[in-house]
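Q: Mind having a look at this structure? Questions to follow.
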Amino acid sequence: MLKIRFLVISIVIVIFLVVAAYSVGLHHGRTGEDLAVANVAVAAQTKSSASSVPASKERDVYFPNTEPLGSDEMRVIALGTGTLNFRRSQASAAWLVELGNGEKFIFDIGTGSLANFGALEIPFTYLYKIFISHLHVDHIGDLDAMFIGGWVSNRNGPLKVWGPSGLKPVTGTKYAVDRMREMFTWDLKGRIGNMPAAGGRIEVTEFDHSKTHVVYEKNGVKIKAWPAVHGIDGSVSYSLEWNGLKLVYGGDSVPNKWFLAEGHDADILIHEAYLSIQQFIDLKDYDPERARIVATMVHTPHSEAGKIFSQLRPRMAIAYHTFNDFNIAPDIIAGIRKTYDGPLTLADDLLIWNVTKDRIRVRRIEGNDEPFPPPPPFPLDPVDPSLRTELSDWLNGGRVDFSR
Ligand SMILES: [Zn+2]
Ligand SMILES: [Zn+2]
């Protein structure tokens with residue numbers, strides 16, 4: 001009897017184990033099957049979304065050196081859209097304007113911007129005309145890097161700088177650039193005689209900051225400057241006119257009558273849209289009085305930038321010299337939109353605007369984060385070794401020769 005009971009129990013256990021093993025196997029099988037089905041679904045979805053992009057759809061990304069510049073076209077490139085608040089996400093003020101006639105103009109060259117210039121892989125010998133709005137470090141901080149770095153990167157001629165006078169010579173552009181060159185005396189002496197000499201020069205054209213006047217006119221390009229109200233006397237804004245297109249570039253300033261007089265009929269109008277008094281207090285820990293001075297007596301807050309845009313009605317307004325953070329940008333835009341409902345870009349580093357009479361197209365630039373200097377477009381000048389500064393015999397005697 002016991003044997004029969006044992007046998008029945010054993011059979012039941014065996015049946016249970018077989019069923020359990022089958023169930024587990026089936027379960028695993030289903031999982032694998034489900035996964036396979038899911039993979040196919042993803043593949044199908046990917047295929048279907050890829051094939052749903054029309055062949056003619058324009059990309060919203062610009063890859064440098066892959067598109068010819070139209071002979072009637074202007075490219076405006078943001079290389080620094082930030083402020084004195086140095087950060088990786090936005091370099092300080094710097095803009096590049098490329099014209100269909102082959103010329104290139106730089107407006108301001110703030111700290112951190114040169115890496116963005118490098119990302120475009122434009123031969124440095126073409127990047128030599130720089131127009132400075134004022135001498136704050138966030139507008140000239142990379143001038144030294146462009147001067148010497150551009151020379152080492154195959155610029156085969158002098159760097160040329162235009163900028164405003166001050167009330168006295170010591171607050172003018174010439175004084176600043178001459179002293180910058182003196183500051184790098186040791187650096188320059190080590191290179192002169194080892195590199196083509198022309199790239200090691202820098203030329204300054206200082207103009208009267210208090211006048212509205214043409215400061216550059218050549219080859220169909222006219223650049224005008226006029227006073228800006230910012231810090232101390234000696235800040236300006238610019239316009240560039242070429243081929244029926246007009247770009248207006250506002251250096252830092254409170255709203256002023258000269259800008260409203262000269263900023264009309266712009267295809268592109270670039271202006272600061274800085275923080276409100278309360279944002280200076282909240283974001284930068286300014287005390288209320290300092291916040292009031294900076295927001296109302298030195299810079300243009302975003303809500304007032306909107307009033308400038310709404311008065312001047314450009315084809316495209318570009319707000320910069322601000323914070324494009326995800327949690328600040330909506331307030332900047334809302335401030336501008338209180339009064340301005342026209343075309344607007346809140347600028348970010350490495351955005352490009354392609355401008356023709358018919359169209360303004362905005363895209364993000366996909367540049368090279370690890371560039372080497374582009375080769376010179378034509379042969380460099382010969383080096384004159386007679387200009388070289390040799391090591392002293394004493395220091396040279398300390399060398400260890402591992403070549404033998
Ligand atoms: Zn400034
Ligand atoms: Zn500034």
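No value in this document is a laboratory result; all are computed from the given coordinates. Everything quoted here is computed from the prediction, not taken from an experiment. Please note: Cβ atoms are built from the backbone with ideal geometry, for glycine as well, and neighbour counts cover all protein chains shown.
Q: Relative to the present Cα-Cα distance, how much length would full extension add between Arg313 and Arg290 at 0.36 nm per residue of separation?
A: Numbers: separation 23, 0.36 × 23 = 8.28 nm, distance 3.18 nm.
Residue separation times 0.36 nm, minus the Cα-Cα distance, leaves 5.1 nm.
Q: What's log10 of I(q)/I(0) for the chain at q = 0.08, 0.10, 0.11, 0.13 Å⁻¹, Debye sum over Cα points only, no solvent?
A: Computed log10 I(q)/I(0) values: -0.53, -0.74, -0.86, -1.11.
Q: Return the whole-Å distance between the Cα centroid of segment 246-323 and the Cα centroid of segment 55-110.
A: 21
Q: If a/c stays under 1.5 just call it rounded; otherwise compare a/b with b/c (prolate if a/b is bigger, oblate if not). Do that for segment 268-404, with a ≥ b ≥ c from the square roots of the Cα gyration tensor eigenvalues. Could the numbers behind the result be given before it?
A: Working: a/c = 3.24, a/b = 1.89, b/c = 1.71.
Because a/c hits 1.5 or more and a/b exceeds b/c, segment 268-404 counts as prolate.
Q: Can you sort Lys168, Lys129 by how many other beta carbons sit within 10 Å, fewest first? Each step should come with its number before you reach the end.
A: Working: Lys168 10, Lys129 19.
Lowest to highest Cβ neighbour count: Lys168, Lys129.
Q: Suppose R0 equals 35 Å; then what is the FRET efficiency for Ala334 and Asp178 from their Cβ-Cβ distance, rounded to the nearest 0.05? Mind dumping the intermediate values first?
A: Details: r = 45 Å, r/R0 = 1.27.
Efficiency computed from Cβ-Cβ geometry: 0.20.
Q: Take the chain, connect every pair of alpha-carbon atoms lying under 10 Å apart with a spring to form a Gaussian network, then pick out the residue of Leu240, Leu96, Leu283 with the largest mean-square fluctuation.
A: Leu283
Q: Also, quick follow-up: Taking other Cβ within 10 Å of each residue's Cβ, how do Arg59, Arg364 sort, fewest first? It would help to have the intermediate numbers written out before the result.
A: Numbers: Arg59 10, Arg364 14.
Fewest-to-most ranking of Arg59, Arg364: Arg59, Arg364.
Q: Put a dot 7 Å past each Cα toward the Cβ at Ile232 and Ser392; how far apart are the dots in nm?
A: 3.8
Q: Contour minus end-to-end for Asn194 and Asn368, with contour as 0.36 nm per residue of separation and end-to-end as the Cα-Cα distance? Show your work: numbers first, answer last.
A: Values: separation 174, 0.36 × 174 = 62.64 nm, distance 2.85 nm.
Extra length available between Asn194 and Asn368 comes to 59.8 nm.
Q: With a ≥ b ≥ c taken as the square roots of the eigenvalues of the C-alpha gyration tensor of segment 206-354, please select rounded if a/c is under 1.5 and otherwise prolate if a/b is larger than b/c or oblate if it is not? Don't jump to the answer; show the numbers that get you there.
A: Details: a/c = 2.16, a/b = 1.40, b/c = 1.54.
Oblate.
Q: Check Phe131: other-chain or 5+ apart residues with amide H under 5 Å from its amide H, H built from backbone geometry?
A: Ile106, Phe107, Asp108, Trp162
Q: What does the helix-only formula give at 222 nm for the chain: each DSSP H stretch with n ≥ 4 adding -39500 (n - 2.57), the total divided by the residues, and the result rounded to the nearest 500 deg cm²/dmol? Working shown, then result.
A: Details: 11 runs with 123 residues, N = 404.
Taken over the chain, the calculation gives -9500 deg cm²/dmol.
Q: Can you tell me the FRET efficiency between Asn219 and Asn85 if r is taken as the Cβ-Cβ distance and R0 is 35 Å, rounded to the nearest 0.05? Walk me through the numbers before you get to the answer.
A: Details: r = 38 Å, r/R0 = 1.07.
Efficiency computed from Cβ-Cβ geometry: 0.40.
Q: Mind checking which of Ala225, Ala347, Ala198 has the largest fluctuation in a GNM of the chain, springs on alpha carbons under 10 Å?
A: Comparing Ala225, Ala347, Ala198 in a Gaussian network model of the chain, the most mobile one is Ala198.
Q: How large is ³J(HN,Hα) for each residue in segment 65-79, as worked out from phi by the Karplus curve 6.51 cos²θ - 1.76 cosθ + 1.60 (θ = phi - 60°), to whole Hz, x for Gly and Pro?
A: These are the phi-based 3J(HN,Hα) values: 6, 10, 10, x, 8, x, 5, 10, 10, 10, 10, 10, 10, 8, 10 Hz.
Q: Kindly identify segment 65-149 as rounded, prolate or oblate by the Cα gyration tensor criterion: order the square roots of the eigenvalues as a ≥ b ≥ c, call it rounded if a/c is under 1.5, otherwise compare a/b with b/c, prolate if a/b is larger, else oblate. Walk me through the intermediate numbers first.
A: Working: a/c = 1.85, a/b = 1.76, b/c = 1.05.
Note, shape of segment 65-149 comes out prolate.
Q: Continuing with the same structure: Find the centroid of the Cα atoms in segment 370-404 and in segment 116-153, then give the distance between the two in whole Å.
A: 23
Q: Have a look at the DSSP beta bridges in the chain and tell me what percent are antiparallel, nearest 5.
A: Values: 39 of 65 bridges.
In the chain, approximately 60 percent of DSSP beta bridges are antiparallel ones.
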